[in-house]
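One structure is given below, encoded as structure tokens.
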Amino acid sequence: DETVLLPLAEIPLTRAGAAPFQVRNALAAAAAGWALNLSPDELRAGLRSFQPARASCAGRFDVFRHEGRVLVVDDCHNADALSASTASLEGLGGGRRIAVQAHECVGERRQDAQAEAEAPALAPHAPD
């Protein structure tokens, strides 16, 4: 049997499905709740209520919109996270994309070798 919980548009974390990596996180959370015998209504409430908020989760795919432009701040910790984040940019709309890979921010210091290893993750998404 299949239980439809709710459309992605009703799960704020997923940015209406524009962030596939967050869709996977939401699915994992729902699966964990299902394993704990939460009801479908409880799962729906949990998925709807988790808001991506800069106050509690700063730097985690924060989306800012201003005058038709979109800015995303995501403190990616590895190449896979960077790739997932940049892949999600296309689903947010807007036109030209500029990616900035910042290091030594949000209290972390990364080694140059790690930065070089992460840089190719941006290439498939070729910012304009």
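Observations on the structure shown:
- Heavy atoms of Val72: accessible area, 1.4 Å probe, square angstrom to 10: 40 Å²
- Seen from Asp74, the other residues with C-beta closer than 9 Å to its C-beta sum to a net charge of -1, counting Lys and Arg as +1 and Asp and Glu as -1.
- Given their separation in residues at 0.36 nm each and the Cα-Cα distance between them, Val70 and Leu6 gain 20.4 nm when the chain is fully extended.
- Remark: spin-label model distance Arg24-Asp62 equals 2.4 nm, labels positioned 7 Å along the Cα→Cβ axis.
- Compared with the direct C-alpha span, the chain from Asn37 to Ala79 gains 11.6 nm at full extension, assuming 0.36 nm per residue.
- Surface accessible to a 1.4 Å probe, His77 within the full protein complex, Å²: 70 Å²
- 5 Å-binned pair-distance histogram of segment 1-67 (Cα, whole percent): 3, 17, 26, 24, 16, 8, 3, 2, 1, 0
- Applied to segment 68-85, the Karplus parametrisation 6.51 cos²θ - 1.76 cosθ + 1.60 on θ = phi - 60° returns per-residue 3J(HN,Hα) values of x, 9, 10, 10, 10, 10, 9, 7, 5, 9, 7, 4, 4, 5, 5, 5, 5, 5 Hz, with x for Gly and Pro.
The values are calculated or read from the model by the stated rules, or taken from the named source; none is laboratory data. It should be emphasised that the depicted structure is a prediction, and the values quoted were computed from it without experimental measurement. Every residue, glycine among them, receives a Cβ derived from its backbone with ideal geometry; neighbour counts consider all protein chains shown. These accessible areas exclude ligands, DNA and RNA; they are computed on the full protein's heavy atoms, side chains included. Shrake-Rupley method; radii C 1.70, N 1.55, O 1.52, S 1.80 Å.
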